[in-house]
Amino acid sequence: MVNAKWWFLAATVLPPAAPAVETQFAGFSAVAVSAHVGLAGMHGACQAAFGSRARMCLTDEVVRSPEIVEFTQNLQAWVQPGADRFPCAGWTSAVGSGTVLDARTMSFLNKSCAAMLPVTCCQEQALVRR
């Protein structure tokens, strides 16, 4: 015999599960920008290339993304060094140095904030359950 009280609680209390998502590398922005465009400008360059859910990647997200492969082209692109680190005076100045991804060597380097570079872009993607 099924306990009616237990069945009622299980059927009414549990909300539907939210889809699992993970932020992953999407690619590089089509336009080059200097660091003084601000974080919104960096995100905007990614959104123009990959849609409204795209934004500038954090270095940790680049490292964890399975889509990252070694690129043959000599490309460097801006990347956010961490969630709480903002080079180039918070991405508002062309003075100093900021973090870039060297796509050919898959390493992170410092580059002048005045450099015109594309942006390393990430976006949330639903995880496929198997």
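With only Lys, Arg, Asp and Glu charged, each at its Cβ (+1 for the first two, -1 for the last two), find how big the charge dipole of region 18-126 is about the Cα centre; round to the nearest 20 debye.
Once rounded to the nearest 20, the dipole reads 240 debye.
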Check which residues have an amide H placed less than 5 Å from residue 65's amide H, if you skip close sequence neighbours. 25
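Any read-out appearing in this document is the output of simple, stated calculations on the displayed coordinates, not a laboratory observation. Given the structure is predicted, the values throughout are model-derived calculations rather than measurements. Every residue, glycine among them, receives a Cβ derived from its backbone with ideal geometry; neighbour counts consider all protein chains shown.
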